[in-house]
Amino acid sequence: MRAVTIERFGDPSGMTVGDAPAPDPGPGQVVIRTEAIGVGGVDAVIRRGTLGGWGFEPGLVPGSEVAGTVTAVGADVDGSWVGRRVWAFTGVGGGYVEQAVARLDDVVPLPEDLSAVDAVTLGSSAPVAHFALAHVHLAPGESVLVRGAAGSIGIAAVELAARAGASAVAVTTSSAERGERLRELGATHVLDRSGGGDPDAPAAYDVIVDIVGGPGTPDFIDRLAPNGRLVVVGAIAGMPPADSGARLLGRAFQQSRSLATFSLDTVPRPALAAVRAAQFADAARGDLHAVVHDVLPLDRAADAHREMDAGTVFGRIVLVP
């Protein structure tokens, strides 16, 4: 089978496409013939080598989510899964392949009316947005700022915050064109990357969802209202400074602000599967939108990453074998 590997961490030229042995399912696993493969921000972060301390080695197959048809199951898995269309989480890697392996616990059946491309656009990002907003206890009538809203997590956060009854949903993005597209999805205020540019936007926010991270996170902590909560769900600009929490102290102490991180790793698998299935059903009905930037063949995975690095992606790039 064809597979993409990272032979050298850094720029996308270190990614290669070649042949790999077809996988066999182990206990509790299934093999999926992939129809669509999501290209996520975490894939780009890993490929750049900025998470080198996490033990990633050359030869890694990137990609964490696929959609397709189950072709084989482990000896302890019900054979009725064979032939079913599913979405699956493959872990921190293993997705950029023609045949992927996943644990049955990380597999969700797909509605008939949902395409594989739409499934991998929403399958990871929409649950992150859902549980992140729950993590900071978003309540109807509160104001929300989504920092870095042009990616698939940010788009889902905008839609879900609007559906939850937020009084305002502000977004940071890099262009007016992107801002208009985000308004169509529920944004009420469009800001530049620094959080300015709209004099009518709230001066402070009850909730900030930060997908960017990096050195700018502390400045957005300063944008929290009293009792405001900022949750970091991504680090496409790198990890926030280690002393970011210092912004909660000093004169800000009496504002009772909070800084948190969020990862789907902390969500029990049954709860995660239930939310993911409900979101897939919403998408099939048109109540949740999968925004696809481009669909590229698997052999052009490096081109997909070049677009990610250039910051030109709105929504998600999807690879197809």
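Each row is one residue, and each column tells you yes or no for (1) modelled with pLDDT of 95 or more; (2) at negative phi; (3) crowded, with 21+ Cβ neighbours inside 10 Å.
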site: 17; (1), (2), (3): yes, yes, no
site: 40; (1), (2), (3): no, yes, yes
site: 45; (1), (2), (3): no, yes, no
site: 58; (1), (2), (3): no, yes, no
site: 78; (1), (2), (3): yes, yes, no
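Considering the range 33-87, and only residues there that are under 19 Å from residue 1 (Cβ atoms) and of a type in the set (S, T, N, Q), the residue that is farthest from the chain's Cα centre (by Cα) turns out to be 71.
Applying the criterion of at least 1 residues that are without any contact (Cβ under 8 Å) to a residue 40 or more places away in the chain and acidic (Asp, Glu) to the strands (runs of 3 or more DSSP E) found wholly in the range 1-109 leaves 15-19. Scanning the range 287-321 for residues that are without any contact (Cβ under 8 Å) to a residue 24 or more places away in the chain and more than 18 Å from residue 64 (Cα to Cα) yields 287, 307, 310, 312.
When only residues in the range 202-228 that are among the small types (Gly, Ala, Ser) and part of a strand (DSSP E or B) count, which is nearest to residue 40 (Cα to Cα)? The extreme case among them is 228. Taking the criterion of being open to solvent by 40 Å² or more (accessible area, probe 1.4 Å) and closer than 10 Å to residue 156 by Cβ, the only residue of the range 113-140 that qualifies is 130. Looking across the range 265-302, just one residue is touching a helix residue (DSSP H, G or I) at 6+ places or on another chain (Cβ under 7 Å), assigned to a helix (DSSP H, G or I) and either open to solvent by 60 Å² or more (accessible area, probe 1.4 Å) or on the phi > 0 side of the Ramachandran plot (or both), and that is 269. Selection of the range 239-264 for residues being surrounded by 12 or more Cβ atoms within 10 Å (Cβ to Cβ), of a type in the set (Lys, Arg) and in a helix (DSSP H, G or I) yields only 247. Scanning the range 168-206 for residues that are of a type in the set (Gly, Ala, Ser) and within 20 Å of the chain's Cα centre (by Cα) gives 170, 174, 179, 186, 187.
Would the range 148-166 turn up any residue that is over 19 Å from the mean Cα position of the chain (by Cα) and more than 20 Å from residue 282 (Cα to Cα)? For the range 148-166, residues over 19 Å from the mean Cα position of the chain (by Cα) and more than 20 Å from residue 282 (Cα to Cα): absent.
Residue count for the range 82-99 satisfying the condition of being farther than 13 Å from residue 298 by Cα, surrounded by 19 or more Cβ atoms within 10 Å (Cβ to Cβ) and of a type in the set (A, V, I, L, M, F, W, C): 4. Within the range 174-194, residues that are closer than 20 Å to residue 204 by Cα reach partners that are in a helix (DSSP H, G or I) and open to solvent by 60 Å² or more (accessible area, probe 1.4 Å) with beta carbons closer than 8 Å, at six or more positions or on different chains, in the pairs 186/163; 190/176; 190/180; 190/183; 194/219. Residue count for the range 160-179 under the criterion of being open to solvent by 40 Å² or more (accessible area, probe 1.4 Å) and modelled with pLDDT under 95: the result is 4. Taken as a whole, the structure leaves residue 215 outside the set of residues that are open to solvent by 10 Å² or more (accessible area, probe 1.4 Å), touching a residue at least 24 places away in the same chain (Cβ under 8 Å) and in contact with a Gly (Cβ under 7 Å, 6 or more places away or on another chain).
The values are calculated or read from the model by the stated rules, or taken from the named source; none is laboratory data. These numbers come from a predicted model, not from an experiment. Heads up, the Cβs are rebuilt from the backbone with ideal geometry, glycines too, and the neighbour counts pull from every protein chain shown. Each accessible area value is taken on the protein alone, full model and side chains, heavy atoms only, with ligands, DNA and RNA left out. Shrake-Rupley method; radii C 1.70, N 1.55, O 1.52, S 1.80 Å.
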